[in-house]
Structures are given as structure tokens and as C-alpha cells.
Amino acid sequence: MRRVETTQMAKAMMKQAESDTAELAADKGLDEIVKRAREAFDERNLRFTQLREQVFSEIAAIRGSIGAYEILERLAEKGTRLAPISVYRSIDALMEVGVIHRLESKNAFFACRRHEHGKKGRPIFLACEQCGGVVEVPAQHIFDEVKTLAASVGFTPKVKFIEVSGVCASCRDKAKSE
């Protein structure tokens, strides 16, 4: 039963990610995502500075993940020249609040599209190797299983996130049609 539910959730999340990408194509969509990030900072009584907003906007403007130096380059192209430490400090603050996540395998960052982590548990990250898209899929039961299995052998896991690389449905369908 869990596999069927997880598969259905994954398909729904992939559709949502495609929808998010289309939403970001319009400035209104990006504005809404930035507004949610601002609210997340306000809820924690933290400042959503202009620099944090600029860094977040660069990350949120793409469907996939982006590295810190790519963010620096994008900001420089728009006339904002910064030291790398400034971007890294903003990234740290954005991660602390939970509005972005880090793909460990790529040392890159992506905008959180699910702002209810505390209510629905932790997600796994599905990262497409072809288009670079990243989707978050609710998967608290997987983390619970890891904890149970680890405990059965006296091990204490420190798993924050799980990322899975592969090929998304769009890329798979595109490859089939070629």
C-alpha cells in the first residue's frame, strides 16, 4: 500500500513541479514564492534583507538547483557585485528558515516548493539528471523506516534529507518521442 501511495504522491509532485515551473515563467508566480519566503522569515522574527531576497529570487527563478557561484554570476550580470561570503551567508539564512534546500551531491541549492514540512514530515528530493529539475516528495515514512532499521542494530542515524537521482517523466517522455 505504501508503494502505491508513494508512487501516486510522486506523480502528483512531478505535476506540481511542472506547474511550478510554468508559474515561475510569470513574474506573478515568482512574486508569490518570494512573498512566502518573506512570511517564513517574519514568522521567525528574522530579517529578509534585500540581499537575501536577491539570492532567494535567483534560486527560485529556476526549476532545478543552482550553485553559489552561479548565483554570484547572475547577480553580477544584473549589476550586483558581491563577495562569495555574502552569498554563502544569505544561503545559510535561507536554509535555516527552510525556504531553500541543498542538494548534497551537487553542492547546489533549490527553492522549497512545500512550506508545510513541519506538518507533513520530511520529503525526499528527486533530482533529474537530464534537465536538472528537483521535486520534493512527502516521505516521512521512509525516514521512520531508516530510524527503525538503524535502531534495530544499535545505530543512531543523522539523516536530514534523502536525494534520489534519475530521469523525470518529462525527460523520459521527450526521449521516447525522439
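The values are calculated or read from the model by the stated rules, or taken from the named source; none is laboratory data. Please read these numbers as outputs of a predicted model, since none were measured by experiment. We place every Cβ from the backbone using ideal geometry, glycine too, and count neighbours over all the protein chains shown.
Listed values, structure above:
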item	result
Helices (runs of 4 or more DSSP H) within the range 79-178 that include 3 or more residues of a type in the set (A, V, I, L, M)	84-97, 140-152
Conditions (1) touching a strand residue (DSSP E or B) at 6+ places or on another chain (Cβ under 6 Å); (2) modelled with pLDDT under 95; number of the one not met by Phe109	(2)
Number of positions in the range 18-41 that are modelled with pLDDT of 50 or more and of a type in the set (Val, Ile, Thr)	2
Members of the range 85-111 found to be within 17 Å of Arg44 (Cα to Cα) and not charged (D, E, K, R), listed by number	Ser90, Ile91, Ala93, Leu94, Met95, Val97, Gly98, Val99, Ile100
Residue in the range 86-100 that is farther than 14 Å from Phe56 by Cβ and small (Gly, Ala, Ser) present	no
Check on Lys15, part of a helix (DSSP H, G or I), basic (Lys, Arg), modelled with pLDDT under 95 and within 26 Å of Arg81 (Cα to Cα)	no
Subset tally (residues that are within 14 Å of the chain's Cα centre (by Cα), modelled with pLDDT of 90 or more and not hydrophobic (A, V, I, L, M, F, W, C)) for the range 137-164	1
Every residue from the range 137-163 that is under 25 Å from Ala111 (Cα atoms) and exposed (fewer than 11 other Cβ atoms within 10 Å of the Cβ)	Lys158, Lys160
